[in-house]
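Beneath this line is the structure, given in structure tokens, with notes to follow.
The values are calculated or read from the model by the stated rules, or taken from the named source; none is laboratory data. The structure displayed is predicted, hence computed values, not measured ones. Using ideal geometry, Cβ is built from the backbone for each residue, glycine included, and neighbour counts are taken over all protein chains shown. Heads up: the accessible areas ignore ligands, DNA and RNA and are worked out on the full protein's heavy atoms, side chains in. Shrake-Rupley method; radii C 1.70, N 1.55, O 1.52, S 1.80 Å.
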Amino acid sequence: MSGFRSKGHPGKGVATDDASYETMTADVLIVGSGGAGLRAAIESSDAGASTLVVCKTLLGKAHTVMAEGGIAAALGNVDPGDSWQVHLRDTIVEGQRLGNWRMAEILAKEAIDRVYELEEYGALFDRTAYGKIMQRPFGAHTYRRLCYIGDRTGLELIRTLQDQVFKRKIPVMDDVEVTSVFKDPATGRVSGAFGINIRTGGFLLFRCKAVIIATGGCGRVYEVTSNSYESTGDGAALAYRAGADLMDMEMIQFHPTGMISPAGVRGMLVTEAVRGEGGMLTNASGERFMEKYDPKRMELSARDVVARSIYTEMVEGRGSSNGGVYLDIRGRGADYIKKKLPSMYSQFLEFAGIDITKDRMEVAPTVHYQMGGIRVEPDSCRSTVPGLFAAGEAASGLHGANRLGGNSLADILVFGRRAGLAAAEYARTAQPGRVAEYDAGDEMARLLAPFKVKGGQNPFALKEKIASVMWKYVGIVRSGEGLAKGLEEMLAIAAESKNLEAKGGRTYNQSWVDSIQAWNMLLVCEAIIRSAIERKESRGAHTRSDYPDRDDAHWTVNVIVRRKGRGMGCEFMPVQKPPPELESLFRGG
Amino acid sequence: MSKAVRLRVFRGTGNDPTTFRYDTFDVPAEEGMVVLNAIHYVQSRLDSSLTARWNCKAGRCGSCAVEINGTPHLMCKTSLGMYDGEVTVEPMKAFPLIRDLVTDTTASRDTAGAIPPFTPRSVSKRPWLFYQGDVERSRELRKCIECFLCQDACHAIREHAADYIGPRWVAKAASFDMHPMDGSNRSKFLREEGGLEYCNVTKCCQEVCPEHIAITDDAIIPEKERVVDEHYDPLVWIYRKLKKRR
């Protein structure tokens, strides 16, 4: 295979002190090309707005492709008793009453349309014997509700939306790291955004009326995570710096089952579909331990419950040989497993040398999802900054203190569409704002700093340091003392991060881009830790050893993080009460 | 496990051969270590200027495609235990080099946009009804993670890059054609614009596919047969002539 090489890009790099930028214009700028970003793009474009999508790696690689289990929507194809009301109830009750009732209502009603729409866009769902879309059971969903495509639902969702984007000829720029959202100094409305064209290393100024943040979550701030490279909390950091509110940042979902061995694959997701299809959890002595924690729902209890149960087995010394627990699907038989869980079968075979039709899997909790994020208005996905919208994992409010499996794919379709529509409508009447020259100048100075440092910190090593502090002090079970220590260490790392060094030129310089991401991660970690310190109770994904009980009298509130002077401040906002006709649905939850 | 692995990594920027070189790094071996783990070790401890594209680190996204000892592989799925001695890691040769191990795989995206999209047959009944058996054929091709290792391995592309769209895109067209509700036909596109004839069925593409998709057997050959049936079959040809005259 030698001798042949495709012609490379012109190698003329941008000088490391070059402070010039290229300008791009659009009505609506969408940051992120996962399911939420692409669905928003389709809607915004169909509504007549000039739409530009930018993503920090490549189109089609977003974390959405990792979603395996399915899309939760109350079609009632398998269980006719299902309805949007039950889906709404499950979402709010299992979110430990912290979620926004209106967002959950919109989700439960509209997910049904979005699934059929996705089918008409070309997605090939598994079928029932009668030819309808098949639905599988999943943790804490009352009925079989997840519409799925084998165990590659997210991949199919992304490809299908990608095709719709191509069909509409919506422009997409890959390899772009957006670093700031700009506001018109006179009106306070969004007037643009700034970023780096990673491939060339050049700067980009986006002049736009609206920005939709669809950048996903922040799982990479933890050492053991199922999340991909991109999940560094950029969206929350962008919005916070633009003055928007963040909410529920302490609510980090630990997925009960991640791989633990070999070391190189630690944290890799083992889909909940394994339990949905009948997988059993056992401890070292072979006991099916979920009987102790949730005898009714067993392995299909809510994720926070299962994750805590596994954690308890592990720390109390009943773990597997590699320090996790066992997950056993062998009873289903080889044919069934290979057909229903093909990716899991090959994942264990290829990464761990284990045949799951013959051997048990070893699993332990892994960081999976941020329930918190940018605070948005439920119907329109508007943030507290005019012209700034957010959808998907980057936004908050829907999942409360615990997200149900399958609700995130429903979320990105439902709220991606709503954000696209609302941003396009906003852009139709909004006047183009002014971008202050000093904003671009300040931003370029901030971004170029790592090129001026010599003999400084390695950004890849600093990212690892952040992740280990989070894992140590802000894990499944937290304490006031540990959190305080975590905050102290995180602020110390933040001080070190001023000394990050970018090595080499500006063309696709990962040490540079990762430095900028590390700053975002630090900001998000501070927000998570401060929120976790504030919430002095245990609810859903947030467990405090010093406050072990849920305390509705004091803590039916969302923790809001907002800029306060030069520092970060927390405030409390009571969870919105649902109208009486919906409240009756939630009784007993 | 104190054994070290020696990595030989391509370095260079764009189309400037004066920057091309190979750097050697010794990385401590760990059980179950894949090439991507070793690259991360280099970045965080030995040389932070090394650039590599990666994302999911679980074989799901297809970002970390490179050539390892001359053969197309995903870095996240390739165990270092497979190799004795030095391991050479280079960028894919069929795509324009950006820097070090990073290439521009978006170069062929226009092709994706040119494939006639999924176009549903007109049916009155909604929601659609079709059966699991109708799903399977297209499903296999939809496992594709767009790592483009198949395009890198394809020698037809190396010789006829301008004329042949390559295995990934033939499989994409076939995944639409095999959709049970699709009412369109991509044979004309594959023959006239896709350059399907350039593929001489050596199956290099399916050998390197990390998702084990039988690209040649299940996409390229059926599409070639369809082109032959529809374009070169004398009966169809006469029928078309007559139809046109009417």
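How far apart, in nm, are the 7 Å Cα→Cβ label points at A:D17 and A:Q431?
4.0
Would you grab the residues whose amide H sits under 5 Å from the one on A:M249? Only those 5+ places off in sequence or on another chain, please, with H modelled 1.01 Å from N.
A:G373
Leaving out ligands, DNA and RNA, calculate the buried accessible area for the pair B and A with a 1.4 Å probe, summed over both sides, in Å² to the nearest 100.
Numbers: alone 13920 and 22630 Å², together 30220 Å².
The buried area between B and A, both sides summed, comes to about 6300 Å².
Compute the label zone of B:T24 within the range B:87-102: residues whose backbone N is under 14 Å from the point 7 Å along Cα-to-Cβ.
Under cut-off, by backbone N: B:87-89.
Roughly speaking, what is the centre-to-centre gap between the range B:72-120 and the range A:337-375 when only Cα atoms are used, to the nearest Å?
Value for the Cα centre distance between the two parts: 25 Å.
Tell me, what is the 1.4 Å probe accessible area of B:H212, in Å² to the nearest 10?
120
Would you mind giving the three semi-axes, in whole Å and largest first, of the ellipsoid equivalent to the range A:450-551 according to its Cα gyration tensor?
Details: eigenvalues 218, 26, 17 Å².
In descending order, the three semi-axes are 33, 11, 9 Å.
Subtracting the Cα-Cα distance from 0.36 nm times the residue separation, let me have the gained length for A:Y130 to A:D546 in nm, one decimal.
Details: separation 416, 0.36 × 416 = 149.76 nm, distance 5.28 nm.
Extra length available between A:Y130 and A:D546 comes to 144.5 nm.
Among A:K183, B:K241, what's the order by accessible area (1.4 angstrom probe), most exposed first? Don't jump to the answer; show the numbers that get you there.
Working: A:K183 70, B:K241 105 Å².
The ordering from most to least exposed comes out as B:K241, A:K183.
Give the residues of the range B:163-201 whose amide nitrogen is closer than 20 Å to a point set 7 Å from the Cα of A:K169 in the direction of its Cβ.
Backbone N within reach: B:189, B:193-194.
With r as the distance between the Cβ atoms of A:V315 and A:V453 and R0 = 45 Å, compute the FRET efficiency 1/(1 + (r/R0)^6) and round to 0.05. Could the numbers behind the result be given before it?
Details: r = 41 Å, r/R0 = 0.92.
The value I calculate is 0.65.
Only loop residues by DSSP count here, and only those with at most 10 other Cβ atoms within 10 Å; note down the GluC sites (Glu not before Pro) in the range A:332-396 that meet that. It would help to have the intermediate numbers written out before the result.
On the way: sites: A:E350, A:E362, A:E393; in loops: none.
Loop-located and lightly packed - none at all.
By per-residue mean of other Cβ atoms within 10 Å, what is the highest-first order of B:117-130, A:91-104, A:475-488? Working shown, then result.
Numbers: B:117-130: 12.9, A:91-104: 25.6, A:475-488: 17.4.
Result, highest mean first: A:91-104, A:475-488, B:117-130.
Accessible area of A:S545, 1.4 Å probe, to the nearest 10 Å²?
Only protein atoms counted, so the area is about 70 Å².
Can you tell me how the range B:98-246 classifies by the Cα gyration tensor, rounded, prolate or oblate, using a/c under 1.5 as the rounded cut? Present the calculation step by step, with values, prior to reporting the outcome.
On the way: a/c = 1.95, a/b = 1.34, b/c = 1.45.
It is oblate, given that a/c is not under 1.5 and a/b is not larger than b/c.
Reported to two decimal places, what Rg/Rh ratio describes the range A:258-364 when computed on Cα atoms with Rh from the Kirkwood expression?
On the way: Rg = 12.9 Å, Rh = 13.8 Å.
Using Cα coordinates only, the ratio equals 0.94.
Between B:L129 and A:M573, what's the calculated FRET efficiency when r is the beta-carbon distance and R0 is 56 Å? Round to 0.05. Let's see the in-between values first.
On the way: r = 47 Å, r/R0 = 0.84.
Efficiency at R0 = 56 Å is approximately 0.75.
In the neighborhood of A:R360, defined by Cβ-to-Cβ distances under 11 Å, what is the net charge if each Lys or Arg adds +1 and each Asp or Glu adds -1? Kindly include the intermediate steps, with their values, before the conclusion.
Values: positive: A:R330, A:K358; negative: A:D328, A:D355, A:D359, A:E362.
Its environment carries a net charge of -2.
Rg and Dmax of the protein assembly as shown, using alpha carbons, in Å: what are they?
For the protein assembly as shown, the Cα radius of gyration and maximum Cα-Cα distance read 25.9, 87 Å.
Counting other C-beta atoms within 10 Å, and keeping those with at most 10, which DSSP coil GluC sites (Glu not before Pro) do you find in the range A:216-317?
Details: sites: A:E223, A:E230, A:E250, A:E272, A:E277, A:E287, A:E291, A:E299, A:E313, A:E316; in loops: A:E223, A:E230, A:E250, A:E272, A:E277, A:E287, A:E316.
Those satisfying the criteria are A:E316.
Within the range A:570-589, what residues put their amide N at less than 18 Å from the label point 7 Å along the Cα-to-Cβ vector of A:S83?
A:579-588
So how compact is the range A:96-250: Cα radius of gyration and Dmax in angstrom?
Cα radius of gyration and Dmax of the range A:96-250 are 19.3, 61 Å respectively.
Give a residue-ordered list of calculated ³J(HN,Hα) values for the range B:208-220 (Karplus: 6.51 cos²θ - 1.76 cosθ + 1.60, θ = phi - 60°; whole Hz; x for Gly, Pro).
Taking θ as phi minus 60°, the curve returns 8, 5, x, 8, 6, 7, 7, 4, 5, 5, 9, 10, 5 Hz for the range B:208-220.
With a cut-off of 8 Å between alpha carbons and a minimum separation of six or more residues, what is the relative contact order of chain B in percent? Walk me through the intermediate numbers first.
Numbers: 390 pairs, mean separation 39.7, N = 246.
For chain B, the relative contact order is 16 percent.
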